[in-house]
Number of protein chains: 2
Amino acid sequence: MAFKVGLLGLGTVGTGTADILLNPHQRHPLLQEIEIHRVGVRSLDKPRSVNVPADLLTTDLESIVTDPAVDVVVEVIGGLEPARSLMLKAIAHGKHVVTANKAAIARYGDEIFTAANAAGVYVLLEAAVAGGIPVIEPLKQSLCANRIHAITGIVNGTTNYILSRMQSEGSDFETVLADAQRLGYAEADPTADVDGLDAADKIAILASLAFGGRIKLSEVYCEGIRKISAADITYAERLGFVIKLLATAKREPMSGAEDLDRLQVRVHPTLVAKSHPLASVNGVYNAILIEGEPIGQVMFFGPGAGSGPTASAVVADILNIAAILKVGREAITAADGTPLLDPLLACSHQHYCSITPIEELVTRFYARFLSQDSPGVIGRLGTCFGNHDVSLESVVQIGMRDNLAEIVVITHDVCEGNFRQALAEIRTFEAVTAIPSVLRVL
Amino acid sequence: MAFKVGLLGLGTVGTGTADILLNPHQRHPLLQEIEIHRVGVRSLDKPRSVNVPADLLTTDLESIVTDPAVDVVVEVIGGLEPARSLMLKAIAHGKHVVTANKAAIARYGDEIFTAANAAGVYVLLEAAVAGGIPVIEPLKQSLCANRIHAITGIVNGTTNYILSRMQSEGSDFETVLADAQRLGYAEADPTADVDGLDAADKIAILASLAFGGRIKLSEVYCEGIRKISAADITYAERLGFVIKLLATAKREPMSGAEDLDRLQVRVHPTLVAKSHPLASVNGVYNAILIEGEPIGQVMFFGPGAGSGPTASAVVADILNIAAILKVGREAITAADGTPLLDPLLACSHQHYCSITPIEELVTRFYARFLSQDSPGVIGRLGTCFGNHDVSLESVVQIGMRDNLAEIVVITHDVCEGNFRQALAEIRTFEAVTAIPSVLRVL
């Protein structure tokens, strides 16, 4: 008995997926029972690097998701539509779904998982976050006994590549971005990556799994890396930090009302102490640090993108569904006739998590000021921060730039709202010419 | 409906396990359906740090594994007997088993899994390797699409703690060991840890999962860290390396006969380049690097021992079994009446892997020689190595020690047998007083 896969898309990830399915030797024996039944593509006669028999190809993607013979629909076309509609139709036709589509899941996860639960099918998405690195399944299964406190990740390879090169070469953002585009590490339109939107999709998905609730993507604070300058990287380095685009999801205990905990879910460039495990994750690599009780800290590190690694995750999900089908587990229904799904693999959250507004975040800050070189400036900065309850760890005049004094401030943990108010006031100081950068510190 | 756990042992891991089971709040909701039914202990009236109701305790462990009400037997007593017999009896009585017992699984895995497959029950063992770090389940499920090439791990916290302190303090092995014993990081009898036996058990288990065959523990090459001196750590450092006790399992492709691949499975102190991801894993932390096609490299990092982290893995396994029971999957049988187990979760290997004898290993070496300070010695060493087909990367006279010249040699990749023959010949040189250390280089 073979399990039949309907593959939607034969781009980078689809090609990698087909390549594994067609070459099962020395992989898990269950792979020999998986068969590619149909492959949906945009163009039938495009040259391909994988040997999929031509008669499996079709441009009619809808015929795949409705094909009675198909057991598992693998959605690797990406984007919002028609991916969303095809997944929903596949579910309506009783197909299990495997997807690598972080954008669609982060936006329509609610709709998709509700439909899947009603239909009694699984929607697995290991490939949607951090490419080949196992993190979704470990969160669902291996770490399920923990109270998760925080997830902190480098989950976008493009921005990590850019920041790593800025760090090692001392170059500016625009220069490295242009080179990354030339080398294929960044898209022609790099918005989703460099503005942090891709990372926001991923941390929303991870937060939802870790904290057992749905996340409104519009509530995820998101700030990209366009404003990071070579100067900031140099000063951070001198202070013992590297700058990384971190995606963070963190439980904020509310005193006296444990069930009303709020979550911080945010993406922004962050100063990370060089001794921190995430500081040495460079280039296109991804890493996710999970903190919980009683586990302490665990970190998962590996390739966050690419055809092969992402396909590794896609095929793992296909095999996990095949293993379920193999032992007939999908056929189980409760006494009232509703389908019974494995509670660790299915997503059954109904409520939305309460998200802390960014103004209420408590964090350390790094800020850089350009001011006229007059003796009282540092004193006035200090006084203003003090008036707004912002306690400072250090204030250093780094040197001169364009005849202006360059001052770097690092705060202790402070309330972001207070810090912003202090900055607004400082902007009115005549001596302060500019505040070129404000960054959070881990 | 509650799932009933029979817990064998209430030591470090058992206490951590009970603590999670008794405090399900903010963990996976399925945990609320798990109930501790009985707890087997050696002494009923020992003071305990966890609040297990006294009427659950019994000293009659056999009554737990035969109790018809028990769904899952959790074996955390450790050691070979009665752990093995209790697990086998539990299986014979149709119980699923969760164990943290690397020693018993590495030795009796064959017998235990054969019995489990016949009885249609699962034996899960996430906690047996690397404590709380998810690595067994990711290997079985998340990475199952890959051809695994190699697993390289720091899987023993005690030796990593000792080596890390020797490295940072410049101290000798015996000094740090004594202190580690005082602090509780090393046992009074440290043999299993410092001689690499614990790491050998773990790499045998990982190799078996990664390469789909059984491993004879007696064929695992095993060398501990007792002979590592402060001098070697200093010289390694100067050459750009740190010394780690690595456990390695590696597929050796045999040309023209892919199915006859042999495995290297070995534990020994190793010089690791400082830039390697495993080089910065210090203290009691563990890390496992898995290399495969198409995933590339992934690394899992975290706490390799301790009550809480190990219990996190034990309870995850309990929940995974509860999830299976919840959807009635365990009741499935094939047409011929034999029980059907999930092929990703069960262990069904029948054959034993063929293991490469250590003499046939191809690796780089580091060796340190003490010789009389006469001009021809380096030349004679070089000639002797050359005669045995051992190609050298560097030969450096580091300095003088006890009026003897201290010479450090690093080879290219060479056959271990050839290298050993050259060393045997060099030992006969009158000018060579001693060869205090010979270490492999990653």
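Computed quantities for the displayed model
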quantity	calculated
Any pair with Cβ under 9 angstrom, 6 or more apart, that starts in region A:351-377 at a residue that is without any contact (Cβ under 8 Å) to a residue 40 or more places away in the chain and ends at one that is in a strand (DSSP E or B)	A:P357/A:Y221; A:D373/A:Q397; A:D373/A:M400; A:D373/A:L404; A:D373/A:A405
Matching option when the condition is under 29 Å from B:I34 (Cβ atoms) and touching a helix residue (DSSP H, G or I) at 6+ places or on another chain (Cβ under 8 Å), among A:E187, A:E169, A:E126	A:E126
Failed item, numbered, when A:L278 is tested on (1) in a helix (DSSP H, G or I); (2) within 8 Å of another protein chain (Cβ to nearest Cβ); (3) within 25 Å of B:G132 (Cβ to Cβ); (4) of a type outside the set (S, T, N, Q)	(2)
Of the criteria (1) small (G, A, S); (2) outside any helix (DSSP H, G or I); (3) within 12 Å of chain B (Cβ to nearest Cβ), which one A:A247 fails	(3)
Filter pass, B:D232 being touching a strand residue (DSSP E or B) at 6+ places or on another chain (Cβ under 9 Å) and free of Cβ contacts under 8 Å to residues at least 60 places away in the same chain	no
Subset of region A:295-312 (residues that are of a type outside the set (S, T, N, Q), more than 7 Å from every other protein chain (Cβ to nearest Cβ) and crowded, with 24+ Cβ neighbours inside 10 Å)	A:G304
Sole residue being in contact with a Pro (Cβ under 9 Å, 6 or more places away or on another chain) and surrounded by 17 or more Cβ atoms within 10 Å (Cβ to Cβ), chosen from B:L61, B:L88	B:L61
Cβ pairs under 8 Å, 6+ apart, first in region A:65-78 and surrounded by fewer than 24 Cβ atoms within 10 Å (Cβ to Cβ), second among the basic types (K, R)	A:T66/A:K89; A:D67/A:R38; A:A69/A:K4; A:V70/A:K4; A:V70/A:R38; A:V70/A:K95; A:D71/A:K4; A:D71/A:K95
All positions within region B:82-121 that are over 18 Å from B:I64 (Cβ atoms) and not charged (D, E, K, R)	B:A103, B:I105, B:A106, B:Y108, B:G109, B:F113, B:T114, B:N117, B:A118, B:G120
Condition check for A:L163: buried (at least 23 other Cβ atoms within 10 Å of the Cβ) and touching a residue at least 60 places away in the same chain (Cβ under 8 Å)	yes
Number of the exception - B:V284 against (1) within 11 Å of another protein chain (Cβ to nearest Cβ); (2) touching an Asp or Glu at 6+ places or on another chain (Cβ under 9 Å); (3) of a type outside the set (D, E, K, R)	(2)
Residues being under 17 Å from the mean Cα position of the chain (by Cα) and either free of Cβ contacts under 8 Å to residues at least 40 places away in the same chain or closer than 17 Å to A:I233 by Cβ (or both) - total across region A:138-157	1
Top-ranked residue of region A:171-202 - restricted to ones that are in a loop (DSSP other than H, G, I, E, B) and among the acidic types (D, E), ranked as surrounded by the most Cβ atoms within 10 Å (Cβ to Cβ)	A:D195
Filtered residues of region A:418-442 (kept if in a strand (DSSP E or B) and touching an Asp or Glu at 6+ places or on another chain (Cβ under 6 Å))	A:S437
Search result, residues across region A:122-160 that are more than 29 Å from B:V314 (Cα to Cα) and buried (at least 24 other Cβ atoms within 10 Å of the Cβ)	A:N156, A:T158, A:T159, A:N160
When residues of region A:319-337 are limited to those that are within 18 Å of A:I112 (Cβ to Cβ) and more than 8 Å from every other protein chain (Cβ to nearest Cβ), the one modelled with the lowest pLDDT	A:E330
The one condition in (1) surrounded by 18 or more Cβ atoms within 10 Å (Cβ to Cβ); (2) at the interface with chain B (Cβ under 9 Å from one of its Cβ atoms); (3) within 25 Å of A:D201 (Cβ to Cβ) that A:S348 fails to fulfil	(1)
Some residue of region A:99-108 being farther than 30 Å from B:H349 by Cα, in contact with a Cys (Cβ under 9 Å, 6 or more places away or on another chain) and among the aromatic types (F, W, Y)	no
Counted residues, region B:400-441 - those being without any contact (Cβ under 8 Å) to a residue 60 or more places away in the chain and touching a His at 6+ places or on another chain (Cβ under 8 Å)	5
Qualifying position, being within 9 Å of chain A (Cβ to nearest Cβ) and at pLDDT 95 or above, among B:V135, B:V155	B:V135
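Rundown of residues vs (1) crowded, with 20+ Cβ neighbours inside 10 Å; (2) among the acidic types (D, E), yes/no style:
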site: A:A334; (1), (2): no, no
site: A:D342; (1), (2): yes, yes
site: A:V362; (1), (2): no, no
site: A:A367; (1), (2): yes, no
site: A:S374; (1), (2): no, no
site: A:I378; (1), (2): no, no
site: A:D389; (1), (2): no, yes
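The values are calculated or read from the model by the stated rules, or taken from the named source; none is laboratory data. On a predicted model such as this, the values are computed, not experimentally measured, just so you know. Cβ sites come from the backbone with ideal geometry, for glycine too, and all protein chains shown count toward neighbours.
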